[in-house]
Amino acid sequence: MEATILSDLWQVGGPGFTSPDDAAVYLVRFGEKAAIVDAGCGNGNESLKSNVDKYLPVGVEIEYLFLTHCHFDHTGGAEAVRDEYGCKIVCSALDAVYLEGGDSEVTAASWYGSRMPPLAIDVKIEKDEQAFQVGDGRMTAHQWPGHSPGSMVYTTEMEGQTILFGQDVHGPIHPSLLSDPIIYQSSLRKLLTFDADILCEGHFGIYRGKETVRSFIQSFVV
C-alpha cells in the first residue's frame, strides 16, 4: 500500500500497515519536530514503530500524539506510542473522561474483545479550537462532536494545501458510544466549511481534491 501522501505526510498504521483492527494512523513532519494522529488498537505496535522509523530521520522528535476521539481502534496503542517516543497525548476533555476512566463500553474496546486500560491524557482540549506549534508548522484541533461526545478533527497547511485529519467522518452513530445523531449532522456541515484539499480518514482512506473531499463528507449529510 502507498504510505506517502505528501513529502512530509505518511500513513503509518491501519489495515495493510499494522493490524487489521487498527484505524488509520498518520505521521506528519514539520522540520525537526513531528506528530502522530491516532494510535490504533495497540496490537501492531512493532509494525507501527518500524513504519515511523522508515520515514522519520534520526533526531526528529515526535512531540505530540493527537487523538481524534476515544474509540479503542484509535487509542488502544496510545500508551505504547507515548512510552516509545516520549510525546504528549492530546485529546478533547470530553473524551478524556472515558479514556482516563478506562471505560471499555464508550471507548468500544468491548467491540474488539478487549478492555480499555486507564489512559492519562497530557493535554485536554476544552476550547472549540486550539492551535499547536509543531516545529516550523502548526496543527489545529477542532471540536467535532457527534460520533463520540468529544470527537475532534485536526487541520494543517502543507505544500499550499489544507489537510484535514477527519478520522471517522462516516460514523458510526451508536447509543453505546454515546453518539448524538443531531450533533453529528451539525458537525458534518462544519467540516464542509474547512474546504480541505486532502482528507485523511480513519477507515476509508485518503481523499484528494476539494470536490472529492466535499463529496465524501456530503454523502453522510441527511
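Nothing in this text is a laboratory measurement; each read-out follows from the coordinates by a stated rule. Please read all numbers here as calculations on a predicted model, not as lab measurements. Glycine also receives a Cβ, built like all others from the backbone with ideal geometry; neighbour counts cover every protein chain displayed.
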Margin query: Under a crude label model (7 Å from the Cα following the beta-carbon direction), how far is Val60 from Ser110 in nanometres?
Written below: 4.1
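What does the charge count around Gln133 come to, taking other residues whose C-beta lies under 11 Å from its C-beta (Lys +1, Arg +1, Asp -1, Glu -1)? Before the final figure, lay out each step's value.
On the way: positive: Lys33, Arg138; negative: Glu63, Asp136.
For residues surrounding Gln133, the net value is 0.
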Item checked: Sequence-distant residues sharing a close amide H with Ile5 (under 5 Å, placed H) -> Trp10, Gln11
Check: If you count, for each residue, the other Cβ atoms within 10 Å and average over each peptide, how do 36-47, 134-145 line up from highest to lowest?
Finding: 36-47, 134-145
Checklist line | Paired Rg and Dmax values of the range 102-197, which use every Cα atom, in angstrom | finding: 14.9, 42
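Counting other C-beta atoms within 10 Å, and keeping those with at most 12, which DSSP coil trypsin sites (Lys or Arg not before Pro) do you find in the range 10-67?
Hits after loop and neighbour filter: nothing returned.
Pairs of Cα atoms under 8 Å, at least six residues apart: use those to get the relative contact order of the chain, whole percent. Walk me through the numbers before you get to the answer.
Values: 507 pairs, mean separation 31.6, N = 222.
With pairs under 8 Å counted, the relative contact order is 14 percent.
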Item checked: Cα-only Debye scattering, the range 154-205: base-10 log of I(q)/I(0) at q = 0.12, 0.13, 0.19, 0.28 Å⁻¹ -> -0.30, -0.35, -0.68, -1.13
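With a ≥ b ≥ c taken as the square roots of the eigenvalues of the C-alpha gyration tensor of the range 1-91, please select rounded if a/c is under 1.5 and otherwise prolate if a/b is larger than b/c or oblate if it is not? Intermediate results must be reported in sequence, preceding the final value.
Values: a/c = 1.59, a/b = 1.18, b/c = 1.35.
It is oblate, given that a/c is not under 1.5 and a/b is not larger than b/c.
Quick check for me: using +1 on Lys/Arg Cβ and -1 on Asp/Glu Cβ, what's the dipole size of the chain about its Cα centre, in debye to the nearest 20? Walk me through the numbers before you get to the answer.
Working: 15 positive and 31 negative charges, 67 e Å.
Computed about the Cα centre, the dipole is about 320 debye.
Counting Lys and Arg as +1 and Asp and Glu as -1, each charge on the Cβ, what is the dipole of the range 14-65 about the Cα centre in debye, to the nearest 20? Numbers along the way, then the final one.
Numbers: 4 positive and 8 negative charges, 30 e Å.
Using Cβ point charges on Lys, Arg, Asp and Glu, the range 14-65 gives about 140 debye.
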Check: In the chain, with Lys and Arg counted as +1 and Asp and Glu as -1 at Cβ, which of these residues, Phe194, Gly86, Tyr112, has the Cα nearest the positive end of the dipole, that is, farthest along it?
Finding: Phe194
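Taking the Cβ of Arg82 as the centre, find all other residues whose Cβ is under 11 Å away and add up their charges (Lys, Arg: +1; Asp, Glu: -1).
Values: positive: Lys88; negative: Glu79, Asp83, Glu84, Asp122.
With Lys, Arg at +1 and Asp, Glu at -1, the net is -3.
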Item checked: Vicinal HN-Hα couplings computed from phi for the range 40-51 (Karplus, 6.51 cos²θ - 1.76 cosθ + 1.60; Hz; Gly/Pro x) -> x, 6, x, 7, x, 4, 5, 5, 4, 4, 4, 5
Next item on the list: With a bin width of 5 angstrom, please list the P(r) values of the chain as percents of all Cα-Cα pairs, from the 0 bin to the one holding the largest distance.
Entry: 1, 7, 17, 21, 22, 17, 10, 3, 0, 0
Margin query: Pairs on different chains or at least eight residues apart, Cα atoms closer than 16 Å: how many lysine pairs in the range 4-218 fit?
Written below: 5
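Once the cut-off is 17 Å, how many percent of the Cα-Cα pairs in the range 58-164 end up in the long-distance tail?
Here the long-distance tail beyond 17 Å is 54 percent of all Cα pairs in the range 58-164.
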Check: Which net charge results for the neighbourhood of Ser176, defined as the other residues with beta-carbon distances under 14 angstrom from its beta-carbon, given Lys and Arg at +1 and Asp and Glu at -1?
Finding: -3
Checklist line | Separation between Cα centres of the range 1-59 and the range 138-195, rounded to whole Å | finding: 20
